[in-house]
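Have a look at the structure below, then the notes.
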Amino acid sequence: MRYLLLGFAMVAAGAVAETGADKPTVLITGSNRGIGLEFVRQLSARDWRVIATARNPEAATELQALAGTDPDILIEYLDVTDHPGIDALAKKYRDQAIDILLLNAAMGPTSQTAGRRLAKLDFDVARQSFEVNSIGPMKVAQAFMPNVEASQKKLVLAMSSDSGSFVAGSKVAALYHYKASKAALNMYFHTLHFETGRKGVTAVMLHPGMVGTNPQLMRFPGALKTSDSVAQLLVVIDGLTPADNGRFVDYRGETMPW
């Protein structure tokens with residue numbers, strides 16, 4: 001199944017010059033569920049070309065269903081910890097301008113990463129958190145930066161979190177690895193923006209709010225529906241300009257504290 005999906009995507013990518021070449025293009029990591037899947041849904045509705053990536057495309061049934069109704073949704077295998085795989089995908093799409101590179105894939109604050117006591121911390125989980133949440137997005141950004149530079153919108157967006165903020169993060173001994181890995185992502189992007197600004201590319205960190213991507217999260221006061229968070233994020237994204245390069249903003253467009 002993976003090879004059928006990849007083959008379909010390769011044919012479709014090769015036909016860009018003939019079909020919808022005027023459409024803006026987004027590449028989204030972690031497109032199989034939650035916020036990533038909702039971005040696919042809403043950008044597809046805007047008639048964008050969407051390169052939707054996932055670690056396990058065969059199991060991404062909702063994503064496959066969306067692709068079945070829109071030939072401009074191209075499903076690709078991508079694991080942000082698989083650096084040769086990232087390079088291979090970038091080589092495949094080397095002639096495709098990418099208006100928005102949306103770095104969404106993440107290892108969330110699950111029970112594995114939510115240890116409350118120093119003595120119980122699992123540092124194998126810590127390494128995985130940094131590989132997925134910090135190093136992975138930077139590797140994807142490195143591989144696809146030429147595609148972004150060749151586009152009209154020139155946006156590189158990292159899905160961060162208030163957990164990565166020293167000021168806005170929770171003031172409890174919890175989520176050690178998640179908080180640290182998101183703070184590292186923020187610093188990576190803060191450093192990156194000094195380079196992207198010289199290339200006309202705008203790099204921005206986004207906080208989507210407390211999003212109810214599962215029933216447990218929906219019980220939190222003020223939790224947003226995934227569709228509402230993404231709709232508001234798209235309003236923010238639509239309004240980004242080069243002056244926003246290096247900013248850390250939330251779903252309302254308000255500046256997040258470091």
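The values are calculated or read from the model by the stated rules, or taken from the named source; none is laboratory data. Since the model is a prediction, treat every value here as computed from it, not as a measurement. Note that each Cβ is placed from the backbone with ideal geometry, even for glycine, and that neighbours are counted across all protein chains shown.
Name the pairs: first residue in segment 182-208 and charged (D, E, K, R), second residue surrounded by fewer than 23 Cβ atoms within 10 Å (Cβ to Cβ) and modelled with pLDDT under 95, Cβ to Cβ under 6 Å, at least 6 apart or on different chains?
Taking only residues 6 or more apart or on different chains, the pairs are LYS182/SER163.
Show the residue pairs meeting these rules: Cβ distance below 9 Å; 6+ apart or different chains; first residue within segment 145-163 and under 18 Å from LEU192 (Cβ atoms); second residue of a type in the set (Phe, Trp, Tyr).
ASN147/TYR93; VAL156/PHE144; VAL156/PHE189; ALA158/TYR188; ALA158/PHE189; SER160/PHE189; SER160/PHE248; SER161/TYR178
Which members of segment 168-186 meet the condition of being of a type in the set (A, V, I, L, M) and within 23 Å of ALA141 (Cβ to Cβ)?
Residues satisfying the conditions are ALA180, ALA183, ALA184, LEU185.
Do we find that SER181 is modelled with pLDDT under 95 and more than 21 Å from ASP99 (Cβ to Cβ) in this structure?
Criteria not met by SER181.
All but one of (1) buried (at least 18 other Cβ atoms within 10 Å of the Cβ); (2) free of Cβ contacts under 8 Å to residues at least 24 places away in the same chain hold for SER170; state the number of the condition that does not hold.
So the condition that SER170 fails would be (1).
Closer than 30 Å to ALA88 by Cβ, touching a Gly at 6+ places or on another chain (Cβ under 8 Å) and not in a helix (DSSP H, G or I): which single residue out of ALA174, ALA203 fits that description?
ALA203
Considering only strands (runs of 3 or more DSSP E) fully contained in segment 41-119, which possess at least 2 residues that are of a type in the set (Val, Ile, Thr) and touching a residue at least 12 places away in the same chain (Cβ under 8 Å)?
Here the list reads 49-54, 73-77.
Is it fair to say ALA150 is over 30 Å from ALA119 (Cα atoms), hydrophobic (A, V, I, L, M, F, W, C) and out of contact with any Lys or Arg (no Cβ under 6 Å at 6 or more places or on another chain)?
So ALA150 fits the description; yes.
Residues being under 17 Å from ASP250 (Cβ atoms) and of a type in the set (Val, Ile, Thr): count how many of those fall in segment 164-201.
1
Please find, among SER151, SER163, SER134, the residue that is modelled with pLDDT of 90 or more, part of a helix (DSSP H, G or I) and touching a Ser or Thr at 6+ places or on another chain (Cβ under 8 Å).
On inspection, the qualifying residue turns out to be SER134.
Looking only at residues in segment 20-40 that are within 14 Å of the chain's Cα centre (by Cα) and assigned to a loop (DSSP other than H, G, I, E, B), which one is surrounded by the fewest Cβ atoms within 10 Å (Cβ to Cβ)?
The qualifying residue surrounded by the fewest Cβ atoms within 10 Å (Cβ to Cβ) is ARG33.
Could you list, in sequence order, the residues of segment 231-250 that are under 18 Å from ARG46 (Cβ atoms) and not polar (S, T, N, Q)?
Answer for segment 231-250, where residues must be under 18 Å from ARG46 (Cβ atoms) and not polar (S, T, N, Q): ALA231, LEU233, LEU234, VAL235, VAL236, ILE237, ASP238, GLY239, LEU240.
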